[in-house]
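The values are calculated or read from the model by the stated rules, or taken from the named source; none is laboratory data. This structure is a prediction, so every number in the text was calculated from the model and none was measured. Accessible surface is based on the protein model in full, side chains and every heavy atom, while ligands, DNA and RNA are left aside. Shrake-Rupley method; radii C 1.70, N 1.55, O 1.52, S 1.80 Å.
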Amino acid sequence: MLKYDLHCHSNFSDGTLSVDELVSRAADKGVDVLALTDHDTIAGIAPARAAIAAQALDLELVAGVEISTRWHSFEIHIVGLQVETQAPELTALLAEQQQKRSERAVKIGERLQKAGFENTYEQACELAAEAQVTRAHFARVLMAQGAAKTFQGIFKKYLSRGNTGYVPSTWCDMHTAIKAIAAAGGQSVLAHPARYKMSNKWLRKLVNEFATLGGDAMEVAQTQQAPCERQFLGQLAREHGLLCSQGSDFHFPLPYIELGKNLYLPKDCEGVWQRWQ
Ligand code: AMP
Ligand code: MN
Ligand code: MN
Ligand code: MN
């Protein structure tokens, strides 16, 4: 059976590994099929393919992206899989999202400045280099300035909704992301549904709306997850006629989150890859 990991990040967004390091690590960990899904960019896909060829790895790369969207007061992530990287509608949407990321980064910097943290915008941009600037870059800068002991603590105190450095999002809506992914010949996947800190009532409303808008699949299996959650999400997917996906959401090496680790679907779940040819 092939090992699929359909969600991970490189340093084209907020991952710390280069695409060369990422694909070689995936092959080492026994992954057969890897989707690179950086935040709001597909710029890493071609270099990742080149790295696989250069290292002669036995690894199949799926062109992917993770698009940030706005739904009520939540930021919902939609993963696109098997997207054409030259598709005009998707390219245009990602350009808009990237513009929004840049504008938001300036505002985050201004807010953190008022809270007494100097030059966080400049430092986050420097850290991101050519990549998409994310809150994770600001978190690393704040860590270096001693704002909190852990990454989680930084988000909790400064960067998550309702905190000093949080700027309400202006991301596109879910339908726009789903349409752009479909126009690029891809499948849209509702990312990490259990991580939005919403009640089950809201989660059902979200999954229902995603499916109604033409979403194809939802992530059911993640690396770090209670078995009952996996069962629950599998059932929710079936109830709404959605295919199932799985991914580590790997950003950097950690003892408990690893490429390809602990990824399998509950029985009676149809993998999103079963429709691929
Ligand atoms: P952004 O897309 O710029 O809003 O940044 C969101 C990214 O920050 C996510 O993709 C995660 O990688 C990271 N992140 C968000 N919340 C947390 C958290 N509580 N702890 C650690 N990382 C987080
Ligand atoms: Mn991230
Ligand atoms: Mn995400
Ligand atoms: Mn992700």
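Nearest 5 is fine: what % of DSSP beta bridges in the chain come out antiparallel, could you say?
40
May I ask you to give the percent of accessible area on segment 147-277 that is carbon plus sulfur, with a probe radius of 1.4 Å?
So the carbon and sulfur contribution to the accessible surface is 52 percent.
Evaluated at 4 °C with a viscosity of 1.567 mPa s, what Stokes-Einstein diffusion coefficient in µm²/s does the chain have when Rh comes from the Kirkwood expression over alpha-carbon pairs?
Translational D for this selection: 68 µm²/s.
Excluding ligands, DNA and RNA, what is the solvent-accessible area per residue of the chain at a probe of 1.4 Å, expressed in Å²?
46
Give me the one-decimal Kirkwood hydrodynamic radius in Å for segment 131-277, with the sum taken over alpha-carbon pairs.
In segment 131-277 this quantity evaluates to 17.2 Å.
How many angstrom lie between the C-alpha centres of segment 74-135 and segment 160-205?
15
Working with all protein chains in place, sort W71, W202 by solvent-accessible area computed with a 1.4 Å probe, largest first.
Output order, biggest surface exposure first: W202, W71.
How large, in Å, is segment 1-115 by the Kirkwood hydrodynamic radius built from its alpha-carbon pairs?
Mean inverse Cα-Cα distance, inverted, gives 15.3 Å.
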